[in-house]
Amino acid sequence: MRRTALPRLDRDFFARSVHRVAPELIGATLLVDGIGGVVVEVEAYHHTDPAAHSYVGRTERNAVMFGPPGHAYVYRSYGIHWCVNAVCEPEGSASAVLIRAIAPTVGIELMRERRGLAEERLLCSGPGRLCQALGITRALDGAPLDAPPFALLPRAEEPEIVAGPRIGITKAADKPWRYGLKGSPFLSRPFRPAGPPPRAR
């Protein structure tokens, strides 16, 4: 079966608890203008979470987080790197999943050109790296994830998922809301300690 013949993950997929959507994105394929790969690492951010951008209320920067679900929330981290998130839960919830890393499978040469390096493992192993490799900028903030230039294809098989604390935050840093594909060399950082994902809420 050709990959392009598989059904896409539509907006109804994202209109659920962010804690269900996040681990179920592991193993899915994310493409932007046909360039991308398999999602191997994500982080969940719930609107009640002090680490979520929406925790302080609606602003110009985070407006897309407030819905509808199934759209991209793109922001610049530390004024340097773009990061892409999938908006989840019913409109107004303001919850999202940060895509932290993918295993590149399509358009690797273009990714190398955009990133200015050859090592495949480092092309998309981090939210800023993957946005640079896939050409994601603020221009895609609010774009639907089930329509061009985005394409999301469901995973072909059930992956083995690990979970652990999120990275690079100071608030609610102990929450085990970071999920990854066990043993993947494309993770932004190894899971320590690794363990099964917590029960979805």
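Throughout, read-outs are computed from the coordinates displayed, never taken from laboratory work. Everything numeric here is computed off the predicted structure, so don't read it as measured data. Positions of Cβ are backbone-derived with ideal geometry, glycine not excepted, and every protein chain shown enters the neighbour counts.
Using a simple spin-label model with pseudo-atoms 7 Å out from Cα toward Cβ, Glu158 and Arg192 lie 3.1 nm apart.
Rounded to the nearest 20 debye, the dipole size of the range 3-181 about its Cα centre is 420 debye, using +1 on the Cβ of Lys and Arg and -1 on the Cβ of Asp and Glu. Each label was represented as a point 7 Å from its Cα along the Cα-to-Cβ direction; for Leu122 and Arg61 these points are 2.8 nm apart. In the range 85-183 the Cα-Cα distances spread across 5 Å bins starting at 0 as 2, 10, 17, 21, 23, 18, 7, 2, 0 percent of all pairs. Each of Trp177, Pro68, Ala28 was scored by the projection of its Cα onto the charge dipole of the chain, and the greatest displacement toward the positive side belongs to Trp177; charges sit on the C-beta of Lys, Arg, Asp and Glu.
Peptides 109-119, 146-156 ranked from most to least packed by the mean count of surrounding Cβ atoms within 10 Å: 146-156, 109-119.
A simple charge model with +1 on the Cβ of Lys and Arg, -1 on the Cβ of Asp and Glu and nothing else charged puts the dipole of the range 112-201 at about 440 debye relative to its Cα centre.
Whole-percent P(r), the chain, all Cα pairs, 5 Å bins from 0: 1, 8, 17, 22, 22, 17, 9, 2, 0, 0.
Report, in deg cm²/dmol and to the nearest 500, the calculated mean residue ellipticity at 222 nm for the chain, where each DSSP H run with n ≥ 4 adds -39500 (n - 2.57) and the sum is divided by the residue count. About -3500 deg cm²/dmol. Across the range 162-179, coupling constants 3J(HN,Hα) worked out from phi with the 6.51/-1.76/1.60 Karplus curve, θ = phi - 60°, read 10, 9, x, x, 6, 10, x, 10, 10, 9, 6, 5, 8, 5, x, 9, 9, 10 Hz, and Gly and Pro carry x. Of the Cα atoms belonging to the range 27-98, the radius of gyration and Dmax stand at 12.4, 35 Å.
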